[in-house]
Structures are given as C-alpha cells and as structure tokens.
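Everything below concerns the one structure shown next.
Only the coordinates and a few stated rules stand behind these numbers; no lab work does. Everything numeric in this text was worked out from a predicted model, so none of it was measured. In this analysis, Cβ positions are derived from the backbone assuming ideal geometry, glycine residues included, and neighbour counts consider all displayed protein chains.
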Amino acid sequence: MANARTRLEYGDDCSEIADDLHRAAGGEGQVIVFRSNDAPWPAPTVENVKPRFNPPFRDSTTFNYPQNLDGSIRSLDEAYHAVYSDGRYVYDGALHNDGIPIGDDTKLVDSMNPNGVGYRLYNPDAGELLKGPINGK
C-alpha cells in the first residue's frame, strides 16, 4: 500500500485510508470520524437503529484538520475527517505517516475547530457509526 499522504494527494478519501489501515491491523483498533460539533450525523436506519456512514457526507459543513505537526491550517471545505487509531496512537494520512499519541492529535484537532469537535467510531465491516470512547484517551 502506498503511504497515506501520497494516497491523499492522489485523491483517495481519508476514510478509505483509515479503513485500509484498520484492515492491515487485522481489524484491531478503531476508525475515528471527526466532524464539527455543529454538523449533523447521519440519521439511524429504521431496520437496525444505527447510523450508516457512506462517505463523503452530503453537507457543506467545514471541518478543519491539521496539515502538519505545527498545527497550521489549510482551509478545506471538508465535512469530516477519518483516522485510524491502534488505541495508543493516531495514524492520520493528512498529517504524516507516523503515529502520534491520541491525546496530542485530539488536542490539535480541537484547537483548529472553534465550534468544537464531535466524533463517532466507525465499524467498517457493518458500515455503522457508533458513539463510544476513543481507546487510549
């Protein structure tokens, strides 16, 4: 698999990269999806009462995510950002190819989004977005 940053530059979606990293880890860890606090999450489906995630979201909410470790912002019209976490580190292809501690990553993302940040955990096998704790945080 090409490195994550290269894949983003060639147009792969962050959720695809996070899903691939999750699969490469044998299904261990979490795919975390971040959105602005004021953005809506997908409504639950009737049959199983769990929201479905079919990226990209179909709204125009702007969500800022880091472009490098110093926290600089490149304003992007993105509605969400997905990363992979092994429970200790976050692997974010938009930021770098190495893991950084979960707490450092969430602080950086929080500082860039004045409306606050919401998140869901994505179950790639079922396509579900679930509320729950970020492991290691």
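Of note:
- Going from the fewest other Cβ atoms within 10 Å to the most, the residues Tyr84, Tyr91 appear in the order Tyr91, Tyr84.
- Summing charges over all other residues whose Cβ lies under 12 Å from the Cβ of Ile100, with Lys and Arg as +1 and Asp and Glu as -1, gives -3.
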